[in-house]
Structure formats: C-alpha cells, structure tokens
Amino acid sequence: MLAEEADIAPQWFAVRTPRTVALEAALADMGIETFCPRERIRLADGRWSEPRPIVAHLLFIRTLASQALDIERDAREGRLPALWVYRYADSRRLHPISQREMRLFMLLTAGDNDRCEVYHRDDFAKGDRVRVMGGGFEGYEGYVRKIRNDRRIVVEIKGVCALALPFIPLGLLSKVPQS
C-alpha cells in the first residue's frame, strides 16, 4: 500500500520490535494508539508474574500509513527503538490489518477467555475451513487444526500470527465450501 492510499483514516499495522515495552511507551508519548496483548502466569510459589507480551516482539499500532512509515524511519535514524512494520510478502507495500481482524484479536487476547477445545464431531476434519454462524465470533472464518491433541478453530491475521478460538459450540459452525 502506498502511504497516500491509506491516509484517509487510521489503520492497524503490526510492528516487530525487540523492545516492545520501550516502543509502546515512546509511541504513547507521541499519541499513537497501540495494542500489545499481555498475560500473567502463575509462578511455582503461587504468586503471579508481571504481565508479559503474549506474542514476543509484536506490537500493533493504529495510525495513518504515512505516519507508520515516518515511525519506521525514526527508528532507523535512532529516534525510536528499533522496529519493522509488517509488509506484504510479495511487495514492499505496508500490510494493514482490518478492523475486523483486530477486534477478533483483541477479543481473543482479552485475558478472561478460557481456551477450550472444539469437541469431536465427524463433520469437521483437520484443515476444514469453517465459519462461525452465531455468538460473539459470528461471521469469522478459520480452519480446524489440532493443538495439543484438541481440535480448535484457528483464525489467522495473514502474515502476522494465528490464534486459536476459545470454545465454540459445534452448532454454531458451518463448513465453508472449497473454492
């Protein structure tokens, strides 16, 4: 995407950085909206850890495409922590993430969702594309995949990451015809 094509409204972009916390703070100081899903884990002594990013070195920013390019340039010139804005694999164009994909990603990483299995049913096999027909994830598409011996619905942010959906009753799933 050329910067001028997307400067009408802010969009979400994925950013790879070795210094997630420092970059998030610097961008917040600049008034840039960021999203970095975090988790806490229970330590051996029963206490909870400090929040840490769920996906290492990944931060999402919501900004104009031209500003994303400016931020990347500022990082190259040392004014911001190192970062790389995700681009399409087949070109140098920025890879914006749709608002719909970001809403789902935020919902899945909210912290209060239990990760549950998709119960066995013969209609759905590993690799099948499915669509959620109701509930909070209605309209989203993904594919069936085994994760730690549980069948889950996986939704992908193309070129960035994939997430396993929490429990979805099988009655709310339908196969997507192969095209």
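Where a number appears in this text, it was derived from the coordinates with a stated rule and is not lab data. Because the structure is a prediction, the values reported are computed rather than measured. Glycine also receives a Cβ, built like all others from the backbone with ideal geometry; neighbour counts cover every protein chain displayed.
Just want to confirm a number: the relative contact order over region 18-103, from Cα pairs under 8 angstrom separated by 6+ residues, in percent.
It comes to 24 percent, rounded to a whole number.
How much of the pair distance distribution for region 3-97 lies past 21 Å, counting alpha-carbon pairs only, in percent?
Value for region 3-97: 35 percent of Cα pairs lie more than 21 Å apart.
Let's see if you can work this out: charge +1 on each Lys and Arg Cβ, -1 on each Asp and Glu Cβ, no other charges. What is the dipole magnitude of region 3-97 about its Cα centre, in debye to the nearest 20?
Using only the charged Cβ atoms, the result is roughly 440 debye.
Quick one: which residues, 5+ away or cross-chain, put their amide H under 5 Å from the amide H of Leu80? H built at 1.01 Å from N.
The answer is Ala75.
At 7 Å along the Cα-to-beta-carbon direction for both Arg76 and Ala56, put a label point, then send me their distance in nm to one decimal.
2.7 nm
To the nearest 0.05, what FRET efficiency results for Arg92 and Ala9 with a Förster distance of 22 Å applied to their C-beta separation?
0.50
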